[in-house]
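Here's the structure we're looking at; comments come further down.
Each value in this text was obtained by applying a stated rule to the coordinates, not by laboratory testing. Please read all numbers here as calculations on a predicted model, not as lab measurements. Neighbour counts are summed over all protein chains in view; Cβ atoms, including those assigned to glycine, are modelled from backbone coordinates with ideal geometry.
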Amino acid sequence: MGSGIATACIMVGIRVVVKEINQQFLDAGMGRIADNVNVRVAKKKLSQEKADAMLALARGTLDYADFRDCDMVIEAALEQIPLKQAIFADLAKHCRPDCILATNTSTIDIDLVSEKIKDQSPRVLGAHFFSPAHVMPLFEIIRTGSTDPDVLHATIAFGKRLRKTPVTVGNCTGFAVNRVFFPYGMAASILVDRGVHPYEIDKAIKAFGMPMGPFRLNDLVGMEVAISVAKNFTDNFPERCYMSPLMGLLFGDKRLGERTAAGFYRYPKGSRKEQPDPDLAGYLDRARGQAGNPPPAGKLSPQDIVEIIFFPVVNEACRCLDERIVVKSGDLDIACVMGMGFPPYRGGVIKWADMVGARHVVSRLEHFGKTFNNPGFFAPCDYLKRKAAQGQPLELLPELARSKM
């Protein structure tokens, strides 16, 4: 991710310093930056002269002392709280007092990341890029209760200079996009453990308008990342999570997705084009056995699959509105379209849910909770139930949001 962020910067003329823990990792990171730029040359989207000028803007280092003149530092280490805390402690020692300290985390509470430098928390915020960072248009900026307004405004300006769409959200596990979508894969796993094939689910979700289904997406991001992110949510929202044994079984056999040429699909000869894998059937049987062989889901239509997977997403989006994680529902809709590929023609998660109707969403969630014997996962939140009872849209207007913040 760090090389993608660096690429995004040099593509708009921002000078960057890339730090790694050893020369091998640094060489690999700088190589990825060069590859990102050279791909554009090969596609004739960039001249070699301009590519060389861009690459001259990036330099590597192994020493924090080289950050002494930086205006902003973006940490992009693994999703491990102690590691990020240690990095921030080092940054606080070596960076100027007015240097913005940002973390590119997808799920971790920003206050936890800055726990060791509480006295410097006004200059800390989240700067969440979506992968690949130099391509994806969304830039999720996470404000904490301590973030200085000037730091926030400067980071918004930085996002705009990167030619991205910055969306400011509140601080919580998963923030806006990842929090809203954490039930997405979990609902799909409930169906798989009840006998629905992952490929059938992916087909229905792709037909709905998503770029790919949840299992193809899992192969793209990597099994280790998916498991790590899922653990963050199960630790913080245990009452409304579901963990299938399936991912652990695949992980144990090093079926990590595209990177290992096998996950839920197989990818022959290093191809990124997925192909069905007959070996998956054995893993499905074992996972269902470990899950206690729950009763089968029965015959489901593509519309049933869409509702089972997306109505919990709508439910979590409503929680984010109720907690004022976003200023208005339009921000959440834009973020879900740009960050997760929710079909733009459906208007976003909340806009789509309002077209479906809150009463229908509540009724179906309650039905799914009984059908799958998992009321905690499917339980409609108070905001959703209130809007359904009052016959009101789920949309949160800016005026109302400001009055509650």
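Points to keep in mind about this one:
- Region 312-327, subset closer than 15 Å to ARG143 by Cα and out of contact with any strand residue (DSSP E or B) (no Cβ under 6 Å at 6 or more places or on another chain), residue surrounded by the fewest Cβ atoms within 10 Å (Cβ to Cβ): GLU323
- Selection over region 58-74 of residues that are crowded, with 16+ Cβ neighbours inside 10 Å and farther than 18 Å from GLN23 by Cα gives a count of 4.
- Cβ pairs under 6 Å, 6+ apart, first in region 54-79 and closer than 24 Å to ALA157 by Cβ, second surrounded by fewer than 15 Cβ atoms within 10 Å (Cβ to Cβ): LEU57/ARG15
- GLU239 within 22 Å of ASN374 (Cα to Cα), of a type in the set (D, E, K, R) and either part of a helix (DSSP H, G or I) or out of contact with any strand residue (DSSP E or B) (no Cβ under 9 Å at 6 or more places or on another chain) (or both): yes
- Filtering region 106-131 to residues that are within 23 Å of ASP333 (Cβ to Cβ) and surrounded by fewer than 17 Cβ atoms within 10 Å (Cβ to Cβ) leaves only SER131.
Table: residues versus (1) more than 19 Å from ILE325 (Cα to Cα); (2) within 22 Å of the chain's Cα centre (by Cα); (3) touching a residue at least 12 places away in the same chain (Cβ under 8 Å).
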site	(1), (2), (3)
ASP119	yes, no, no
LEU125	no, yes, yes
PHE129	no, yes, yes
ARG143	no, yes, yes
HIS153	no, no, no
ILE156	no, yes, yes
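- Filter result for ARG216 (of a type outside the set (A, V, I, L, M) and under 25 Å from PHE368 (Cβ atoms)): yes
- Complete set of residues in region 123-145 that are of a type in the set (Gly, Ala, Ser) and farther than 24 Å from ASP35 by Cα: GLY126, GLY145
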